[in-house]
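A short worksheet on the structure shown next.
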Amino acid sequence: MQNRKHSRLMNDAVYVIGERAMEVKRVIDILALSLALCIPVFGQGEYRDGCAPAELEAQQNTLAGYLSPDFAGDYNLAVANLFRLGALYQSMALRCGYMPSEPETNSMLEQTLSLVTLEDLIAAQSVGKDVAAILLDLQGTYGDPLAGQLLYNGLEPALGGVALGCAGCHENDAVAPLTSGAWTRINDLRLRQPEFRDYSHRQYLVESIVRPMAYIIPDYPPLMPDFYGSQLSAQHLADLLAFLDSQDQLLDDE
Ligand code: HEC
C-alpha cells in the first residue's frame, strides 16, 4: 500500500536517462509521498482541477497550517516542516502547469538523486504489474501514438534508458502476433473469447504487456519478457497503448 502510494506520486516525474542525455520533464516530491497529504481536487472551468486561484490559496493555507514551522519550539521539526512545505508547494506548482526552467530542473534532479538511488527512482516510477492499479493510473494520462511508436521501435528509451524490443518480435508473425492490425484483432478475436468476457480493451492490452504470461496466445511461444512493468512509466504505457490502438489495419492473411 505504501509502495503503491509512493509510486503513484512518483509517477509525477517522467524521467529518462539516455546514454547521452538526461531529461527530466517533471520533478518528484518525495516528501509529499510520506506525508500522503491529498490535495483536494475540484473541477473549475479553465483551470486544472484544484488549480483555480482560490483553491490554490486554500491548499497553501491548509498545508502551512499543518506544517507551520515553530523554530523556537522544536527546531528540528520546524526545519523539516520548512523543507516539506517547500516540496509540497513545488508539487502544487508542477501540478498546476508550472514548467521549471532548465537550471531549476537540473538542481531538482540533483537534489532528488542525492536522496534516493536511481534504481529506487526508476522502480518508483514504473507502472509495476498490478493491472487494476495501472488502469487507474492511466485514467488521467493522455497517450501520444507517435511517442508510442518511437518507444515500440526502440527509437526512444524507456525508464533507465533502455530500448524496448517490441518491434523486434512483433514484426515477424512467426514469432509474435503482428503489430499491424493489433487493435482490430484484439477487439474482433481476443475479446470475443469466453475468458475475456469481463475484460475491457485497455485491460487486455495492459495485461498483455505487463503480465504476458497471464495468457499465452495459441500457436505462439511464451517468449514475451515479463519485465516491462519495471521499464515503463504510466506515460510510456499510455503512449504504447495509443500506438497499438492506431494499428487497425489487418493484413490479408488474418
Ligand atoms: C521476445 C519477443 C517479444 C517481445 C520483445 C515483445 N513481445 Fe509482445 N508478444 C510476444 C509473443 C510471442 C506474444 C504472443 C504470446 C503471448 O501471449 O505471450 C506477444 C503478445 C503481445 C500482445 C498481445 C497481442 C495480441 O494479439 O493479443 C501485445 C499487446 C504485446 N505482445 C505487446 C508488446 C509490447 C508493447 C512489447 C514491448 C514493450 C512487446 N510486446 C515485446 C513476443 C514479444
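Quick notes on this structure:
- The slack in the chain from Asp188 to Ala93, taken as 0.36 nm per residue of separation less the alpha-carbon distance, amounts to 29.8 nm.
- Sequence of Ser180, Ser233, Ser107 once ranked by neighbouring C-beta atoms within 10 Å, starting from the fewest: Ser107, Ser180, Ser233
- Straightening the chain between Arg197 and Glu46 buys 50.4 nm, computed as 0.36 nm per residue apart minus the Cα-Cα spacing.
- The range 136-245, relative contact order [Cα under 8 Å, separation at least 6], %: 44
- Additional length obtainable on full extension of the chain from Ala174 to Ala214, 0.36 nm per residue less Cα span: 12.3 nm
Only the coordinates and a few stated rules stand behind these numbers; no lab work does. Remember, it's a predicted structure, so these values are computed and weren't measured experimentally. Positions of Cβ are generated from backbone atoms using ideal geometry, with glycine treated the same way; all protein chains shown enter the neighbour counts.
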